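The values are calculated or read from the model by the stated rules, or taken from the named source; none is laboratory data. Since we're looking at a predicted model, the values are computed, not measured. In this analysis, Cβ positions are derived from the backbone assuming ideal geometry, glycine residues included, and neighbour counts consider all displayed protein chains. For the accessible areas, the whole protein counts, side chains as well, though only heavy atoms, and no ligand, DNA or RNA atoms are used. Shrake-Rupley method; radii C 1.70, N 1.55, O 1.52, S 1.80 Å.
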Amino acid sequence: MSFLQDVQERLKTFIAGGLEATLQERMLPLEDYRKKIELEEPRRREHGDFACNIAMVLAGELKASPRQIANEIIENLPMDAEQARFVAKVEIAGPGFINIFLKEGWLAPLLHCIEKEGENYGRSRAGEGKKVQVEFVSANPTGPLHVGHTRGAVVGDTLANLLSFCGCQVEKEFYVNNAGHQMDLLGRSIYLRLLQEKGEEVQFPADGYQGEYIKELARQIMDKYGSSLEIHPEQEREVLCREFGYQELLKKIKEDLQKLGIKFDRWFSERSLYEDGLIEKALNLLKKKRHLYEKEGATWFASSRFGDEKDRVVIKSDGNYTYFAADLAYHLHKLERGFDLIIDVLGADHHGHIARMKAGVAAFGYDPEQLKILILQTVNLLRGGKNIPMSKRAGEFVTLGDILKEVGRDPIRYFYLTRSNDSTIDFDLELAREQSASNPVYYLQYVHARICSLFARAKEMGLEIKEPAKVDISLLQDDLEDELLRKMARFPGVVLESYEHLSPHYLTVYGHELAQAFHVFYNKCPVMGAEEEKRSARLALVWGARQVLRNLLQLMGVSAPKEM
């Protein structure tokens, strides 16, 4: 339980004491009303440190006005109880809110908590014992990763960090789409470019893969094989081009992801679904459960029985499996590996995937809630506020490798977490490079660098930086000190909220608030210039802020620089 949760639980017990006495006076049965007691932080400080709406919740049941019930609860509060030792006063506000004001210094012990927990501050046991798989990126190895793939990479990796931080056993997986028409088209595209490089006139297919990278792959094959390529029949040459291109592109994908700080536990080959008979196994299971039927020469999965808008073809009239059949087999394989929760992080064009895959999970005999599919919206790449036009079909797109070279890993990871999963992101390359408060990642990282610089200065002056346990932290009574402490106290709750909603963007929202609170404190409250005891207390506060910031940045996969 976090520091803030502990405080709230004590206050709930305090409120429960007044509520029980109120119910007894009214000669009403003492049901389990404690579960209905909720606390929230008021938006305005003058409304107290915490507010409770229990009087409004129970007004109907008790047949009295909320303000009357609130007044009775306040009058019956056990002011001599242990929980009341840090309560300054309790008031009624508005239609019946119970506002609780705590005594000065109630937040100071938070620093002891942060010191004790260190890099574990903010951790939760919410997912303890749960085995989770996160599948993300899973791009076709038919081209380099572009800015759209990058969002899935960052969100998926950060989500895996969050799940692990909350106690889950997490496995990260990349599904390699290395089978089917797209791979054959890759081989054909490279082969035709190879012929063009040799001076032959060929008609390039309209749906072929464009871009300079295809020409470069063709040149690499010529350098490697030379005239020996000619001894193979044309179809074999295309296969050779396909396999060479596939391996080179997959290698590039792995290199770029590694530069972004992402390492997968497993690279799952789509081909293995065919080679190991996993598709046949999945369809046989559906057939056994009588969820398949024949129509118009094709085999259909009756997915509409399980909430899908229509039934889906799994075997085409020509006898070939559909992509959906492979997806079904892959997810059955995941379920059979024993994951309690499977999370697919997909792009904006996969909305239709949700209902049919959940239908498949249910048809196999599993709980469809074991599968969570997160749909990420698109990314608009900007330069100085202006859109950079891209066309994947024409081979005109900005790759992950391009933006890594231009802005580096940290801005990419941070910017791609600044919006909720269902919101479009505008990623401005010029802003990402800017070293100013306008750049949100710079604004946050500068806090850590400033604190490190402060401690270096203290060391040069021969000052001892004491741990919170060795200083009088009760001296932290300024409103700006209090505000910074409040932000630090909220970190475990933000982690839990991100975990519960499977949405890492809460971390960047919190990060901006934490940085803002620190900058305001630092500019208004002298640290090195304060008298000795006050300086020691503020250095302890700053030390705690640095630890919280480090934990936050590590979750996001963003570095914590000592100087900038």
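Numbers below:
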quantity	calculated
When residues of region 293-325 are limited to those that are among the hydroxyl-bearing types (S, T, Y) and within 23 Å of S269 (Cβ to Cβ), the one least open to solvent (accessible area, probe 1.4 Å)	T322
Strands (runs of 3 or more DSSP E) wholly inside region 330-441 that include at least 3 residues being touching a Phe, Trp or Tyr at 6+ places or on another chain (Cβ under 9 Å)	341-346, 379-383, 425-428
Which listed residue, of L382, L332, is modelled with pLDDT of 95 or more and either open to solvent by less than 40 Å² (accessible area, probe 1.4 Å) or closer than 30 Å to G127 by Cβ (or both)	L332
Tally of residues being part of a helix (DSSP H, G or I) and either at pLDDT below 90 or more than 35 Å from the chain's Cα centre (by Cα) (or both) across region 48-67	9
Residue match in region 452-461 (condition: closer than 21 Å to V155 by Cβ and at pLDDT 95 or above)	no
Among (1) open to solvent by less than 40 Å² (accessible area, probe 1.4 Å); (2) farther than 25 Å from I114 by Cα, the one test that E25 misses	(1)
Restricting region 457-469 to residues that are assigned to a helix (DSSP H, G or I) and surrounded by 12 or more Cβ atoms within 10 Å (Cβ to Cβ), the residue that is nearest to the chain's Cα centre (by Cα)	P468
Test result for L260, within 30 Å of R409 (Cβ to Cβ), touching a residue at least 40 places away in the same chain (Cβ under 8 Å), touching a Ser or Thr at 6+ places or on another chain (Cβ under 9 Å) and hydrophobic (A, V, I, L, M, F, W, C)	yes
Positions within region 75-87 being over 41 Å from the mean Cα position of the chain (by Cα) and open to solvent by 40 Å² or more (accessible area, probe 1.4 Å), in sequence order	E75, M79, D80
Boolean, Q258 is out of contact with any Phe, Trp or Tyr (no Cβ under 6 Å at 6 or more places or on another chain) and modelled with pLDDT under 95	no
Evaluation of I375 against (1) out of contact with any helix residue (DSSP H, G or I) (no Cβ under 7 Å at 6 or more places or on another chain); (2) under 22 Å from T424 (Cβ atoms); (3) in contact (Cβ under 8 Å) with a residue 24 or more places away in the chain (one fails), failing number	(1)
Where a residue in region 5-33 is under 20 Å from A59 (Cα atoms) and in a loop (DSSP other than H, G, I, E, B) and its partner, wherever it lies, is open to solvent by less than 50 Å² (accessible area, probe 1.4 Å) and modelled with pLDDT under 90, with Cβ under 6 Å and at least six apart	L30/L23
Evaluation of A530 against (1) assigned to a helix (DSSP H, G or I); (2) surrounded by fewer than 20 Cβ atoms within 10 Å (Cβ to Cβ); (3) of a type in the set (A, V, I, L, M) (one fails), failing number	(1)
Yes/no for H149 being modelled with pLDDT under 95, within 30 Å of D402 (Cα to Cα) and not polar (S, T, N, Q)	yes
Selection from region 171-226 of residues that are among the acidic types (D, E) and either in a helix (DSSP H, G or I) or open to solvent by less than 70 Å² (accessible area, probe 1.4 Å) (or both)	E171, E173, D184, E197, E212, E216, D223
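Here's the yes/no breakdown for (1) over 21 Å from the mean Cα position of the chain (by Cα); (2) under 17 Å from A456 (Cα atoms); (3) at pLDDT 95 or above; (4) among the hydrophobic types (A, V, I, L, M, F, W, C):
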{"site": "G493", "(1), (2), (3), (4)": "no, no, yes, no"}
{"site": "E500", "(1), (2), (3), (4)": "no, no, yes, no"}
{"site": "H512", "(1), (2), (3), (4)": "no, no, yes, no"}
{"site": "Q516", "(1), (2), (3), (4)": "yes, no, yes, no"}
{"site": "E533", "(1), (2), (3), (4)": "yes, no, no, no"}
{"site": "L541", "(1), (2), (3), (4)": "yes, yes, yes, yes"}
{"site": "L552", "(1), (2), (3), (4)": "no, no, yes, yes"}
